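K.L.:
The structure is given below, and queries will be raised subsequently.
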Amino acid sequence: MTGIVIRPLDLEEIEVLIGWAKVEGWNPGLADAAPFQAADRQGFIGCFVDGVMAAGLSAVRYGQDFGFIGLYIAHPDFRRMGYGRRVWDAGMAHLGGRTIGLDGVPEQQANYRSMGFTPDYETWRWSGAAEGRSDPDIRPADDADMSQLLDFDSQHFAGRRADFLHEWIKAPRLAKVLIRNGTIAGYAVARPCHEGYKIGPLFATDVAGAKALLRACAAELPGEMLHLDVPEGQAEFSADLQDRGFARGFQTTRMYRGAAPVFDLAGVFGVTTLELG
């Protein structure tokens, strides 16, 4: 008789799930597992068949009211056997009673709609090598910034995520803060991936700040390919990326089951990650 177990993943197993994402062509970060786990230590769930992981996903809780689904993958050897649905149901149960978000690719949106998700906005992947430039108002982020950084982040994200951010701004990621009049007016994190660097989040009070943060990151990553997931509403910023030679790639749609959370989307120039929101 086949033994099926659904349970949270440990750090090493999260690394395995992220490895599956690489095989799928999702280009995850090289050091994602520890900060991902910090976001919700019970929020990475696997379905094991006779001790072998068959499927997994992230179902990360933020605060009391919001959660996010991502990294939903079944191993090729275990597809079309119902194991993916088992882990999906476990993830949804883990996020019970909350608004749930995800970033869905076009071919899966009808499936997500059938499960109660509704579209909110489109996001486009932009990729290119930017010309770098330092800025006297931009400096590295560190632990001394955490209180103010968390407040700024919470204005631009659906929930507070202190444990995640504490890890996310650490090396090997590159974290920059924009300071105006003594307060944080934007921040960006560049994380090394299997191909280039992803910039996320890129949050700022205005387009000029977002452009300056992107240039400041590029200044320390000369010649590197940079990738950003930019909400479609950021028309001026997207046009600037195109003028810089960035190419627009694939599209995802932010979808929610439950009331859409309220936050300052106008200040979101780059989504943190497609896996965790």
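The values are calculated or read from the model by the stated rules, or taken from the named source; none is laboratory data. Since the model is a prediction, treat every value here as computed from it, not as a measurement. Cβ coordinates were reconstructed from backbone atoms using ideal geometry, including for glycine residues, and neighbour counts include every protein chain displayed. For accessibility, only protein heavy atoms count, side chains too; no ligands or nucleic acids. Shrake-Rupley method; radii C 1.70, N 1.55, O 1.52, S 1.80 Å.
K.L.:
In the range 240-260, which residues are open to solvent by 30 Å² or more (accessible area, probe 1.4 Å), closer than 23 Å to Leu71 by Cα and either at pLDDT below 95 or of a type outside the set (A, V, I, L, M) (or both)?
P.N.:
Arg248, Gly249, Phe250, Gln251, Arg257, Gly258
K.L.:
Sort through Pro119, Pro106 and tell me the only one that's under 26 Å from Asn27 (Cβ atoms) and modelled with pLDDT of 95 or more. Can you show your working first?
P.N.:
Details: Pro106 fails: modelled with pLDDT of 95 or more.
Only one candidate passes the filter, namely Pro119.
K.L.:
Could you check how many residues of the range 151-165 are open to solvent by 20 Å² or more (accessible area, probe 1.4 Å) and not small (Gly, Ala, Ser)?
P.N.:
We begin by selecting, within the range 151-165, every residue open to solvent by 20 Å² or more (accessible area, probe 1.4 Å); these are 151, 154-155, 158, 160, 162-163.
Then drop every residue that is not not small (Gly, Ala, Ser), which leaves 151, 155, 160, 163.
Final tally of qualifying residues: 4.
K.L.:
Now for a different question. Test Ala54 against the criterion of being open to solvent by 10 Å² or more (accessible area, probe 1.4 Å), in contact with a His (Cβ under 9 Å, 6 or more places away or on another chain) and either acidic (Asp, Glu) or at pLDDT 95 or above (or both), and give yes or no.
P.N.:
The answer is no for Ala54.
K.L.:
Does the range 230-239 contain at least one residue that is open to solvent by less than 40 Å² (accessible area, probe 1.4 Å), in contact (Cβ under 8 Å) with a residue 12 or more places away in the chain, part of a loop (DSSP other than H, G, I, E, B) and of a type in the set (A, V, I, L, M)? So that I can check it myself, show each step before the final result.
P.N.:
Looking only at the range 230-239, we keep the residues that are open to solvent by less than 40 Å² (accessible area, probe 1.4 Å), and these are 230-231, 234, 237-238.
Next, only the ones that are in contact (Cβ under 8 Å) with a residue 12 or more places away in the chain stay: 230-231, 234, 237-238.
Going one step further and asking which of them are part of a loop (DSSP other than H, G, I, E, B), we end up with 234.
Add one more test, that the residue is of a type in the set (A, V, I, L, M), and what stays is none.
Looking for residues that are open to solvent by less than 40 Å² (accessible area, probe 1.4 Å), in contact (Cβ under 8 Å) with a residue 12 or more places away in the chain, part of a loop (DSSP other than H, G, I, E, B) and of a type in the set (A, V, I, L, M), one finds none in the range 230-239, hence no.
K.L.:
Something else now. Check the range 218-226 and report whether any residue there is in contact with a Phe, Trp or Tyr (Cβ under 6 Å, 6 or more places away or on another chain) and open to solvent by less than 10 Å² (accessible area, probe 1.4 Å).
P.N.:
Among the residues of the range 218-226, at least one is in contact with a Phe, Trp or Tyr (Cβ under 6 Å, 6 or more places away or on another chain) and open to solvent by less than 10 Å² (accessible area, probe 1.4 Å), which makes the answer yes.
K.L.:
With the requirement that a residue be under 30 Å from Leu226 (Cβ atoms) and in contact with a strand residue (DSSP E or B) (Cβ under 9 Å, 6 or more places away or on another chain), what does the range 34-54 give you? Spell out how you get there, then give the answer.
P.N.:
Of all residues in the range 34-54, those under 30 Å from Leu226 (Cβ atoms) come to 34-40, 43-44.
Result: Pro35, Phe36, Gln37, Ala39, Asp40, Gly43, Phe44.
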